[in-house]
Amino acid sequence: MRNKLGVAMLTGIVVAAATAFGATGATAADAASDWIVVLRSDVNAPSVAAEHARADRATVGYVYANAVQGYSARMSATAAARIARDSRVLFVQPDGVVTASAQTTPTGINRADAELSPTAKINGVDERVNVDVAVIDSGVDLDHPDLNVYTAGAKNCSTGSSADDGNGHGTHVAGTIGALDNSVGVVGVAPGARIWPVRVLNNAGSGSFSAIICGIDYVTAHASEIEVANMSLGGSGSDSACGSNKDAMHEAICRSVAAGVTYVVAAGNETDNAANHVPAAYDEVITVSALADFNGLPGGGAAATCRSDVDDTIADFSNFGADVDLMAPGVCIYSTWKGAGYNTISGTSMASPHVAGGAALYKATHPSATPSAVKSALQAAGTTTYSWPAGDPDGIQEKLLNVATF
């Protein structure tokens, strides 16, 4: 089968919290600002957006018609409150800002035992895993020689006119997922996976909730082609049940997962409970914390390389908690970079694509597996061969990614 939030360096995305309001509206100052309007599922989003634009002087940005029905717009708080009273509107929420996080080498590929995977077939011969992965990020270097970028599937929901990566973060994520097994550069967990670049972050690594929903909306429209989506980004927020109409990004992910796409996300780099960050807190995704691993081997004791940390323990920046589903290497990870280059960075943003690559391997041989089945398979295959509980604030030993049998 067939990739305003931001990227934080440590790598990960941070999203600012936002409060939705419904029929009672709000009484904030009337200066124009950015809003997200979520409509009932039986409503035609383009026509309602156009109607609201005419009646309420709203400047419409993105229109969503797949993951959710709705749109983003710039308008006054008075206009937003008036639109919220429309019976076709479920809720209106302020747009928010997110940032991505990073710091990284293919020690992670070795630690996850990707070289033992019969599907990955890592042997220096360019045999490509037949799977499609969306990288919802800062874009991807569209002509990087070490990546199999599906340029026909590229989508730009950010600034400029292209999904090409002006930051480097998205290209780094893409390399960990699927860099080619071609004896040069680096190799990914699922070598040669088709990478769909979905650009939701600008060159500075930041973007908006509305842009991210645009990316999720695009992936959902191609759910019959895309098996896995990686979101190495995040921001402040908390979980809510699907259908509670309080969080547009969550609603979009709920429906995209229901359409069959497996979402893998970074836990975040705040040394905090992941329950305080979205999309990490969402139950429908696979949330990944970061392991400090400096030599690709269990046992601990390896000397630190690009940054100070303790080998074989949870990374000192990593978020933690019950919302974390898996752990993967995320410190001093070497991967592809913009401008056909390579770079070493760290963060839960680097851990997440290892698991996305693992999900891709599983989907390549289990094409009918649901997102929940993929999560269960990854957790069942995981190991606890790392030092614990040293440095882990929550007392929970998450499984460490291992794809040897995939």
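Note on the chain: Lys pairs 8 or more places apart or on different chains, Cα atoms under 27 Å apart, count 15. Compactness of region 33-94 is given as radius of gyration and Dmax, 9.9, 28 Å, from Cα positions. The calculated 222 nm mean residue ellipticity attributable to helices in the chain amounts to -6500 deg cm²/dmol, summing -39500 (n - 2.57) over DSSP H runs of n ≥ 4 and dividing by all residues. Taking 0.36 nm per residue of separation and subtracting the current Cα-Cα distance, fully stretching the chain between residue 203 and residue 384 would add 61.4 nm. Of all DSSP beta bridges confined to the chain, the antiparallel ones make up roughly 60%. For the peptides 298-309, 233-244, the ranking by mean Cβ contacts within 10 Å, running from highest to lowest, is 233-244, 298-309.
Once C-alpha pairs closer than 8 Å and six or more residues apart are averaged by separation and normalised to the residue number of region 213-323, the relative contact order reads 26 percent. Relative to the Cα centre, the charge distribution of region 33-94, modelled as +1 at Lys and Arg Cβ and -1 at Asp and Glu Cβ, gives a dipole magnitude of about 120 debye.
To the nearest 20 Debye, how big is the dipole of the chain about its Cα centre, given +1 on the beta carbon of each Lys and Arg and -1 on that of each Asp and Glu?
Values: 22 positive and 39 negative charges, 208 e Å.
With only Lys, Arg, Asp and Glu charged at Cβ, the dipole is about 1000 debye.
Ranked by the mean number of other Cβ atoms within 10 Å of their residues, highest first, the peptides 119-130, 192-203, 159-170 come out as 192-203, 159-170, 119-130. Just the Cα atoms of region 178-276, one point each, no solvent: what log10 I(q)/I(0) does Debye give at q = 0.23 Å⁻¹? Evaluating at q = 0.23 Å⁻¹ gives log10 I(q)/I(0) of -1.34.
Residue farthest toward the positive end of the dipole of the chain, with Cβ of Lys/Arg at +1 and Asp/Glu at -1: which of 226, 138, 152? Result: 152.
Remark on the chain: all cysteines pair up, each with another cysteine beta carbon under 4.7 Å.
How high is the relative contact order of region 155-272? Use alpha-carbon pairs under 8 Å, at least six apart in sequence, and give a whole percent. List each step's numbers first, then the result.
Working: 152 pairs, mean separation 26.8, N = 118.
Relative contact order here is 23 percent.
Ranked highest first by average number of other Cβ atoms within 10 Å, how do 73-85, 369-381 line up?
Details: 73-85: 20.1, 369-381: 17.4.
Top to bottom by mean Cβ count within 10 Å: 73-85, 369-381.
For residue 152, project a label point 7 Å along Cα to C-beta. Then give me every residue of region 194-217 with its amide nitrogen under 20 Å of that point. From region 194-217, the list is 194-199.
No value in this document is a laboratory result; all are computed from the given coordinates. Note that the structure is predicted; figures quoted are calculated from it, not measured. Positions of Cβ are generated from backbone atoms using ideal geometry, with glycine treated the same way; all protein chains shown enter the neighbour counts.
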